[in-house]
Amino acid sequence: MNTRYRYLIGSLFAVSLLLAAKGGVQAAQINIPAKPAYMGSAACNGRCHDPWYQAWKNTPHAKTYELLKPGVRAHAKNKGKLSPNADYTKNPNCLRCHTTGYGQKGGFIAGETPISSVMPDMEAVGCEMCHTARGGNQAMAFMKETDGVFKRNKIEVWGLRYDYENVCRRCHGHPKSPHKPSIDPKYSFNYKARKNHVHDYEKYYNELNKTQTYKIKHGAGVTEKHPLMIEDWDVVEGKIQFKKLPLWDGWLIYKGK
């Protein structure tokens with residue numbers, strides 16, 4: 001074999017190794033976690049959703065854990081026939097709607113999860129409570145791989161949801177909430193009136209995060225037309241036990257059921 005052919009074969013072999021290596025990197029990038037888990041809102045900050053996190057941090061949703069402390073919002077607690085001086089920071093019924101992912105994989109754990117007034121995370125109604133069915137680690141891996149270019153019905157497979165009214169009603173107006181319209185009309189939940197005042201993220205753009213925008217239209221999601229069920233639970237021996245959770249085994253709608 002002459003030198004010319006040896007050089008050609010060697011070059012082709014080198015190229016094949018590079019392609020194989022590149023394929024290996026790509027395979028690693030699309031490694032979506034096997035099980036869904038909650039990560040917390042702080043995971044969204046400093047990555048791809050800084051303006052949203054900064055806006056959320058200044059809303060009542062980011063301060064929900066504080067309401068469970070003794071003496072806080074005593075008037076509202078009295079209305080709901082709760083003891084205003086009791087400590088509800090370990091009460092499972094309260095933690096379900098005042099923290100992120102309580103009672104589920106990766107979610108808030110009373111007495112263990114760090115609490116921060118500077119960078120709220122699990123100790124609040126965070127991003128995942130309103131945007132995912134069972135935690136966002138799988139959805140985030142998918143978003144990272146696709147660089148934000150995806151259709152809603154594709155990322156819904158990994159837990160993201162777009163049935164926003166049902167999302168809100170998981171807590172606002174839930175039968176287990178002590179704050180009902182019967183004790184004060186202000187506890188009536190009007191989704192259309194509330195949805196436009198969740199968090200005004202536009203004013204939190206700056207030179208460092210100005211590229212964090214939606215680049216494309218993501219299309220309609222399946223959950224928009226087929227809202228997921230609203231969870232229900234019991235507290236048994238001090239632990240929350242879910243009676244109903246949104247189905248998500250690859251999601252039944254995608255199986256044609």
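The values are calculated or read from the model by the stated rules, or taken from the named source; none is laboratory data. It should be emphasised that the depicted structure is a prediction, and the values quoted were computed from it without experimental measurement. Glycine also receives a Cβ, built like all others from the backbone with ideal geometry; neighbour counts cover every protein chain displayed.
Looking at Ser182, Ser177, can you tell me which residue is among the hydroxyl-bearing types (Ser, Thr, Tyr), more than 21 Å from Glu231 (Cα to Cα) and either in a helix (DSSP H, G or I) or more than 15 Å from the chain's Cα centre (by Cα) (or both)?
Of the residues listed, the single one that is among the hydroxyl-bearing types (Ser, Thr, Tyr), more than 21 Å from Glu231 (Cα to Cα) and either in a helix (DSSP H, G or I) or more than 15 Å from the chain's Cα centre (by Cα) (or both) is Ser182.
Exactly one of these conditions fails for Cys130: (1) more than 24 Å from Thr89 (Cα to Cα); (2) in a helix (DSSP H, G or I); (3) not polar (S, T, N, Q). Give me its number.
It is condition (1) that Cys130 fails.
Can you tell me which condition Thr223 does not meet? The list is (1) farther than 30 Å from Leu67 by Cα; (2) outside any helix (DSSP H, G or I), and all the others hold.
Thr223 satisfies every listed condition except (2).
State the number of residues belonging to the range 103-132 that are in contact (Cβ under 8 Å) with a residue 24 or more places away in the chain, surrounded by fewer than 24 Cβ atoms within 10 Å (Cβ to Cβ) and among the small types (Gly, Ala, Ser).
Residues flagged as in contact (Cβ under 8 Å) with a residue 24 or more places away in the chain, surrounded by fewer than 24 Cβ atoms within 10 Å (Cβ to Cβ) and among the small types (Gly, Ala, Ser) within the range 103-132 amount to 3.
For the range 146-162, give me each residue that is surrounded by fewer than 19 Cβ atoms within 10 Å (Cβ to Cβ), more than 14 Å from Gly219 (Cα to Cα) and touching a helix residue (DSSP H, G or I) at 6+ places or on another chain (Cβ under 9 Å).
Residues satisfying the conditions are Thr146, Val157.
Would you mention how many residues in the range 85-107 are basic (Lys, Arg) and either in a loop (DSSP other than H, G, I, E, B) or more than 20 Å from Asp121 (Cβ to Cβ) (or both)?
Of the residues in that region, 2 qualify.
Going by the structure shown, is Val167 of a type in the set (A, V, I, L, M), crowded, with 18+ Cβ neighbours inside 10 Å and more than 22 Å from Asp50 (Cβ to Cβ)?
Numbers: of a type in the set (A, V, I, L, M): yes; crowded, with 18+ Cβ neighbours inside 10 Å: yes; more than 22 Å from Asp50 (Cβ to Cβ): yes.
Yes.
Yes or no: the range 112-120 includes at least one residue that is modelled with pLDDT under 95, over 23 Å from Lys35 (Cβ atoms), more than 19 Å from the chain's Cα centre (by Cα) and not in a helix (DSSP H, G or I).
yes
Condition test on Ser83, is it at pLDDT below 95, at negative phi, among the hydroxyl-bearing types (Ser, Thr, Tyr) and over 10 Å from the mean Cα position of the chain (by Cα)?
Answer is no for this residue.
Of the numbered conditions (1) over 30 Å from Val235 (Cβ atoms); (2) surrounded by 14 or more Cβ atoms within 10 Å (Cβ to Cβ), Lys210 satisfies every one except a single condition; which is it?
That leaves (2) as the condition not met.
Of the numbered conditions (1) out of contact with any helix residue (DSSP H, G or I) (no Cβ under 9 Å at 6 or more places or on another chain); (2) outside any loop (DSSP other than H, G, I, E, B), Ala139 satisfies every one except a single condition; which is it?
(1)
Within the range 195-215, identify whether any single residue is closer than 26 Å to Leu95 by Cα, modelled with pLDDT of 90 or more and touching a helix residue (DSSP H, G or I) at 6+ places or on another chain (Cβ under 8 Å), and answer yes or no.
There is no residue in the range 195-215 that is closer than 26 Å to Leu95 by Cα, modelled with pLDDT of 90 or more and touching a helix residue (DSSP H, G or I) at 6+ places or on another chain (Cβ under 8 Å).
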